[in-house]
Structure formats: structure tokens, C-alpha cells
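The values are calculated or read from the model by the stated rules, or taken from the named source; none is laboratory data. Because the structure is predicted, anything quoted here is derived from the model rather than measured. All Cβ positions, glycine included, derive from the backbone under ideal geometry; neighbour counts span all protein chains shown. Note: areas computed on protein heavy atoms with side chains; ligands, DNA, RNA excluded. Shrake-Rupley method; radii C 1.70, N 1.55, O 1.52, S 1.80 Å.
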Amino acid sequence: MKIPKNVIEELIVQAEKDAPDESCGYLLGTTTPSTGGGQGEALVTENYWMENIDHSSEHFSFAPKDQFAALRYAREKGLKILANWHSHPASPSRPSQEDLRLANDPTIRYAILSLLDGEPKLNSFKILNGEVVDKEVHL
């Protein structure tokens, strides 16, 4: 999955604004057709921020109204939900046990933006059956 610099910068600004609570949303974009039976390349075109209704620094839950609005918006724009993203204000960019347990959609990636020590790091993960099967470094 490719995430342009401007989208990464937007995630950082949003995560810093929401800190010390976790920030969250969807990464929307397009995929190119595959030439060999596998998955095509995914290109993120925008962030769709959603309210963390838990207002917690250790976990998040999307506001249901925001999820429905994101799905409607993506359909209207011809975009796909490529990733679920959230921030870790004070921990590394890796899935927690709770993140692994709640990663139920095998068709998307799970991106985690760490703000630990003031050095943002962004990784995304493919998670299947509670296990990380792929990791990509974006920042």
C-alpha cells in the first residue's frame, strides 16, 4: 500500500491534535488490477477521520455514524477502504493484543501511527486470524 506524504502529514497533525487520546479513521483510495492473479497495488488518496468515541489513550472505537458516513462517502467517490488506521500516542507502531483481537476484516490493512518520543512512525499490517502476516513501513 502506498501512502503519499501529504496523507501521512495529515495523519500526524490529526493524531497530535487528538493526543493524548488515540486518533482513528479509514484510509481510502484505489487499487490497480493485478497482473498475475494476486492483489493489485493499493494507493491511498485520502484520510477519513472518525471520532474515537472511547476517548482513550489506550484503545479506540469508531463512532457508528462516522463509519456509515465513510462508507457512503467512499461509494460516492468510487473509492475503497484500504486500511483502518489509529494512533498510538505513547507506544510503538505495532498492533497491541487488543488490536490483533479486533482486526476482523481480512480484506484491509491495519495502519498504526506511533507518536512515541516525538518521532512519528507509521506501519501497516495485514492481520489474519489474530496474527500479523505482513508488515509495511511507511514512515
When only residues in the range 106-118 that are modelled with pLDDT of 95 or more and part of a loop (DSSP other than H, G, I, E, B) count, which is nearest to Tyr48 (Cα to Cα)? Ile108
Could you pull out the residue among Glu46, Glu98, Glu9 that is in a strand (DSSP E or B) and not hydrophobic (A, V, I, L, M, F, W, C)? Glu46
What pairs come out if I take residues in the range 22-40 that are more than 27 Å from Ala69 (Cα to Cα) and pair them with residues that are modelled with pLDDT under 95 whose C-beta lies under 8 Å away, six or more apart or interchain? Ser34/Gly40
Any chance Leu11 is open to solvent by 40 Å² or more (accessible area, probe 1.4 Å), aliphatic (A, V, I, L, M) and either at negative phi or at pLDDT 95 or above (or both): no
Matching option when the condition is open to solvent by less than 40 Å² (accessible area, probe 1.4 Å) and in a loop (DSSP other than H, G, I, E, B), among Ser93, Ser57: Ser93
Of all residues being among the polar types (S, T, N, Q) and not in a loop (DSSP other than H, G, I, E, B) in the range 60-90, which is surrounded by the most Cβ atoms within 10 Å (Cβ to Cβ)? Just the residue, please. Ser87
Residues located in the range 1-60, provided they are polar (S, T, N, Q) and in contact with a strand residue (DSSP E or B) (Cβ under 6 Å, 6 or more places away or on another chain): Gln14, Ser23, Thr30, Thr31, Thr45, Asn47, Asn52
